[in-house]
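Structure record follows, encoded as structure tokens.
What follows draws every value from the coordinates through simple rules; no lab data is involved. These numbers were taken from a predicted model, which means no experiment stands behind them. With ideal geometry, Cβ positions are generated from the backbone for all residues, glycine too; neighbour counts draw on all protein chains shown.
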């Protein structure tokens, strides 16, 4: 909704006091208006920190709405895409060298931004949205959102040694400091499952190189609670309401 519009996403006139809360909740997928009225009546919804009552109106662009303690995005027009990024696609809005960007793989309108980044030579799941608050929480280190990767490494016929795996789990000294402890397992010789909650530049590649096992292929397979093993490279889909709720839950301290 533009700043000078008096209409909500449904096209109905929104008065100066905002939209009815149950209508807003229904619009963003929390059920029918009647179901949303029940949520409010049960005291499970807060607006700006106060338990809401039926009849409460909210200004969806500015008011903070929580359901069961989880902050949710209620501004009109919010979208959430899940993309399976292929190799050689750049995680940015525009590239000065004319390379393909992730923005070109999803709908042009409304404009969205990638949440975090994947290197050009890294594949896998990436969230794009215009929900700035959720995007901030997903990338801020204080929330520690897990990212899971499959790393195919070059470590010879015997695979990654136990001592190297232990170093990866305990933390690796890099030029920008010691990495936090990670979950690391060897699924088969030379194929590692790595779960981290940091977002340093090319972190996993640098970690593996530090133990003498350079990465040949890297795929992100999970972002917090979000997994999709059926989404083909270069394809995208909308996140479901329940997935957006799960992301909000994962980023609520």
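Quick notes
- Computing Rg and the Kirkwood Rh from the Cα coordinates of segment 19-72 gives a ratio, Rg/Rh, of 0.89.
- Here the relative contact order of segment 146-223, from alpha carbon pairs under 8 Å that lie six or more residues apart, stands at 49 percent.
- Label-point gap, in nm, between residue 158 and residue 216 - each point 7 angstrom along Cα→Cβ: 1.8
- Evaluated at q = 0.18, 0.19, 0.24 Å⁻¹, a Debye calculation over the C-alpha positions of segment 59-175 (equal weights, vacuum) places log10 I(q)/I(0) at -1.06, -1.11, -1.39.
- With the simple model of a label 7 Å out from the Cα in the direction of the Cβ, residue 109 to residue 50 spans 3.8 nm.
- Going by neighbour counts of Cβ atoms within 10 Å, the residues 112, 24 line up, fewest first, as 112, 24.
- In the chain, helical runs assigned H by DSSP with n ≥ 4 each contribute -39500 (n - 2.57); averaged across all residues and rounded to the nearest 500, the mean residue ellipticity at 222 nm is -5500 deg cm²/dmol.
- Overall Cα dimensions of segment 124-167 - principal axes, largest extent first, Å: 46, 22, 9
- For segment 146-223: span of alpha carbons on each principal axis (Å, largest first): 30, 25, 18
- Per principal axis, descending, Cα span of the chain in whole Å: 67, 41, 33
- Most to least packed among 43-52, 89-98, 66-75 [average Cβ atoms within 10 Å]: 66-75, 43-52, 89-98
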